[in-house]
Amino acid sequence: MASLKRSTLPEKPAHKTASVAQWLELQASQDLLRVITCGSVDDGKSTLVGRLLWESQQILDDQLSTLQEDSKRHGTQGNTIDLALLVDGLAAEREQGITIDVAYRFFSTAHRKFIVADTPGHEQYTRNMVTGASTADVAVLLIDASQGVLTQTRRHAYLASLVGIKHIILAINKMDLVAYDAQVFAATQTAFQAVAEALGFESITAIPLSALKGDNITSRSAQTPWYQGPTLIACLETISALPPAEPKTVFPVQWVNRPNASFRGLSGTLASGQLTVGDDVRVSVSGQAAKVSRIVTADGDLDSANAGDAITLVLDREVDASRGDVLASANQPLEITDQFEATLVWMHEEPGLIGRAYEIKLANQWASASLTTLKYRVDVNTQAHESCRQLGLNDIVVANVALSKPLVFDTYAQSHTLGGFILVDKYTHTTVAVGMIRHNLRRAQNVHWQALSVARQDRERLNGHKGKVIWFTGLSGSGKSTIANALEKELHAQGKRTYILDGDNIRQGLNKDLGFTDADRVENIRRVAEVARLMMDAGLIVMTAFISPFHAEREMARELIGQENFIEVFVNTSLEVCEQRDPKGLYKKARSGQLPNMTGISSPYEAPLNADISISTTRMGIEEALTFILAAMAARD
């Protein structure tokens with residue numbers, strides 16, 4: 001096989017040989033198409049992107065020299081330049097010959113500008129594919145002609161439809177391996193059409209090509225005289241795949257611009273719609289309204305702004321708006337909700353659990369969020385609905401999501417800005433899921449907090465003390481219930497009103513439907529935290545004695561109850577001592593295999609890192625422990 005030579009490149013496009021001014025003018029007038037390449041591993045995605053860069057002359061001389069050296073070093077194409085190395089930039093990718101991360105590349109032709117996201121084909125990197133697809137207008141879905149439609153082909157087609165891509169270019173690649181057989185091409189096209197039938201794509205354009213040899217990339221190949229359709233470049237240049245304009249005015253506030261005392265503006269990017277000086281706008285959550293008096297940009301004031309413009313709005317009066325607020329047209333108000341149904345793609349190795357608290361980012365809005373129901377998991381191969389209790393890496397699940405406060409929203413089908421969101425782990429700040437809102441849950445509009453005549457302060461005044469929650473955590477047998485019981489006796493003797501929520505007792509009634517899986521433990525603690533908060537609102541001093549093994553749920557309880565009302569007591573007794581005590585015989589059963597999911601043995605215990613009080617029952621007696629706890633309680637009064 002002959003090596004590629006610089007002389008084999010096509011003639012430079014006219015705009016490349018024009019003057020710099022003409023070239024810049026042409027670039028400014030062109031529209032931008034965002035493209036994702038996807039498909040199964042080793043279908044040739046990186047080679048195709050490299051070929052597009054080569055054919056469009058986006059490779060500089062120093063890049064060519066580096067590419068030649070890398071091709072010799074890695075030797076994936078013998079003596080031939082390996083175009084995939086233009087995109088597979090990570091060392092791990094070059095060593096394994098696969099794409100791991102999403103690689104973005106820019107190129108242009110005489111007719112259009114392109115940003116191409118080359119995404120990984122392996123199933124374990126599905127989350128990276130979703131990242132690349134989330135901003136794409138068109139998907140170039142590659143299929144190895146010698147392999148046909150594979151599992152990951154189906155997965156990527158489903159994910160492309162899920163994130164709203166409506167146009168597919170079906171690049172049936174490696175036609176050179178099947179001797180450019182028209183029947184193979186037709187059979188592969190028919191097989192994919194059957195897969196895509198239920199996915200709602202508006203157009204599917206199948207093209208036979210060889211990314212390695214350049215067939216049907218920029219010019220029609222002599223190897224496929226039976227094919228009369230467009231080349232890949234021609235299809236990309238002419239496809240009309242820009243998203244439809246969203247009619248509603250949506251302006252998420254990025255920050256409050258206050259360079260001096262005489263200027264206050266709200267800065268951000270207009271996500272959709274149009275704004276004109278003099279328009280009436282409304283802060284969606286608070287309902288405050290004002291007129292737009294100026295639209296300020298880095299290049300001067302505008303009379304009007306369109307979707308995509310980065311602007312600063314100056315209003316004719318002061319309104320309470322800050323980062324995270326969303327402005328809308330006053331006569332087209334946006335909806336708000338605190339519960340909705342969404343499709344989630346789980347992107348983290350740690351499982352997603354019902355009841356666990358996460359942070360949600362929707363546009364520029366942040367709130368706490370939890371999964372209340374997992375309705376079903378989608379089998380991307382068959383699109384069948386399967387039951388599930390938790391989310392694993394790359395799972396696609398339809399779930400109900402509850403928020404800690406109402407946020408401005410829309411369905412993903414109507415607005416990617418207000419319908420797409422991410423879930424973030426509160427403690428590692430890792431993105432664990434991406435989601436697309438399907439619809440609002442009507443009960444979110446119909447259920448309201450009822451104002452009561454007697455408030456917590458009135459009950460506390462009657463009781464003669466403040467309500468609090470003393471949250472005991474530790475391994476089974478550590479002494480939680482013993483210390484909590486001793487504390488209640490002491491407080492009762494002082495004339496204070498108290499109640500103990502004990503793990504075993506709660507599971508006799510309220511939580512008797514729960515087992516001891518991670519998901520059940522999360523739900524167990526969520527319910528206990530809600531009950532403790534209500535009892536605290538009644539003016540009681542509440543003691544909870546639960547293993548509560550996970551950081552996330554203890555912090556959820558602290559946030560729900562309030563930092564000023566919550567005292568975490570870590571009964572820090574080692575596993576060895578707890579096993580020696582084994583008051584209920586649980587450790588013996590766990591060691592013999594009779595008791596699965598035993599905390600400390602087969603299920604983890606995440607010890608508190610910054611508990612308010614830490615008590616070692618091997619070094620401290622009950623009286624000394626009570627002294628520490630009572631002092632901490634007094635400090636909160």
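The values are calculated or read from the model by the stated rules, or taken from the named source; none is laboratory data. Only a predicted model underlies this, so the values are computations on that prediction, with no experimental measurement involved. Methodologically, a virtual Cβ is constructed for each residue, glycine included, from the backbone with ideal geometry; neighbour enumeration extends over all protein chains shown.
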**Q.** Filter result for the condition that a residue is modelled with pLDDT of 95 or more and within 26 Å of His167 (Cα to Cα), over Pro230, Pro243, Pro247, Pro208
**A.** Pro208
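For (1) touching a Lys or Arg at 6+ places or on another chain (Cβ under 8 Å); (2) buried (at least 16 other Cβ atoms within 10 Å of the Cβ); (3) in contact (Cβ under 8 Å) with a residue 24 or more places away in the chain; (4) aromatic (Phe, Trp, Tyr), each residue gets a yes or a no:
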site	(1), (2), (3), (4)
Ala261	no, no, no, no
Ser284	no, yes, yes, no
Asp338	yes, yes, yes, no
Glu341	yes, yes, yes, no
(Q) Which pairs turn up if I take residues in segment 246-259 that are crowded, with 17+ Cβ neighbours inside 10 Å and look for partners that are charged (D, E, K, R) with beta carbon separation below 7 Å, at least 6 apart in sequence or on another chain? (A) Val253/Arg323; Val253/Asp325
Q.
Exactly one condition in (1) surrounded by fewer than 23 Cβ atoms within 10 Å (Cβ to Cβ); (2) in contact with a Phe, Trp or Tyr (Cβ under 9 Å, 6 or more places away or on another chain) is false for Phe472; which is it?
A. (1)
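Among the candidates Thr205, Thr135, single out the residue that is outside the structural domain of Ala433 (by TED's automatic domain parsing), without any contact (Cβ under 8 Å) to a residue 40 or more places away in the chain and within 30 Å of Glu246 (Cβ to Cβ).
Being outside the structural domain of Ala433 (by TED's automatic domain parsing), without any contact (Cβ under 8 Å) to a residue 40 or more places away in the chain and within 30 Å of Glu246 (Cβ to Cβ) holds for just one of Thr205, Thr135, which is Thr205.
Which of the residues belonging to segment 601-630 are under 31 Å from the mean Cα position of the chain (by Cα) and either under 19 Å from Arg521 (Cα atoms) or modelled with pLDDT of 90 or more (or both)? Step through it out loud before you land on a result.
Filtering segment 601-630 down to residues under 31 Å from the mean Cα position of the chain (by Cα) leaves 602-611.
Once the filter is applied, which keeps residues that are under 31 Å from the mean Cα position of the chain (by Cα) and either under 19 Å from Arg521 (Cα atoms) or modelled with pLDDT of 90 or more (or both), segment 601-630 yields Ser602, Ser603, Pro604, Tyr605, Glu606, Ala607, Pro608, Ala611.
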Q) In segment 365-383, which residues are hydroxyl-bearing (Ser, Thr, Tyr) and in a strand (DSSP E or B)? A) Ser368, Ser370, Thr372, Thr373, Tyr376
Q.
Can you say whether Phe516 is assigned by TED's automatic domain parsing to the domain that holds Leu560, among the aromatic types (Phe, Trp, Tyr) and within 16 Å of Ile561 (Cα to Cα), as far as the supplied structure shows?
A. no
Q.
Taking the criterion of being of a type in the set (S, T, N, Q) and either assigned to a loop (DSSP other than H, G, I, E, B) or modelled with pLDDT under 90 (or both), would at least one residue in segment 531-550 satisfy it?
A. yes
Q: With respect to Ile143, determine if the residue is free of Cβ contacts under 8 Å to residues at least 60 places away in the same chain, crowded, with 20+ Cβ neighbours inside 10 Å and assigned to a strand (DSSP E or B).
A: no
Q: Could you check, for segment 342-360, whether at least one of its residues is under 22 Å from Trp255 (Cβ atoms), modelled with pLDDT of 90 or more and outside the structural domain of Val163 (by TED's automatic domain parsing)?
A: yes
Q.
Take the residues in segment 360-389 that are of a type in the set (S, T, N, Q) and within 16 Å of the chain's Cα centre (by Cα); name whichever of them is surrounded by the fewest Cβ atoms within 10 Å (Cβ to Cβ).
A. Ser368
Q | Verdict on Thr573 being outside the structural domain of Glu359 (by TED's automatic domain parsing), touching a residue at least 40 places away in the same chain (Cβ under 8 Å), more than 24 Å from Arg527 (Cβ to Cβ) and surrounded by fewer than 16 Cβ atoms within 10 Å (Cβ to Cβ) | A | no
Q. Looking at Ala234, is it within 28 Å of Tyr158 (Cβ to Cβ) and assigned to a strand (DSSP E or B)?
A. no
Q) Do we find that Ala493 is assigned by TED's automatic domain parsing to the domain that holds Pro604 and surrounded by fewer than 14 Cβ atoms within 10 Å (Cβ to Cβ) in this structure? A) yes
Q) Across segment 166-185, what is the total count of residues that are more than 12 Å from Thr224 (Cβ to Cβ) and surrounded by fewer than 17 Cβ atoms within 10 Å (Cβ to Cβ)? A) 2
Q. Within segment 297-317, which residues are in a strand (DSSP E or B) and within 30 Å of the chain's Cα centre (by Cα)?
A. Ala305, Asn306, Ala310, Ile311, Thr312, Leu313
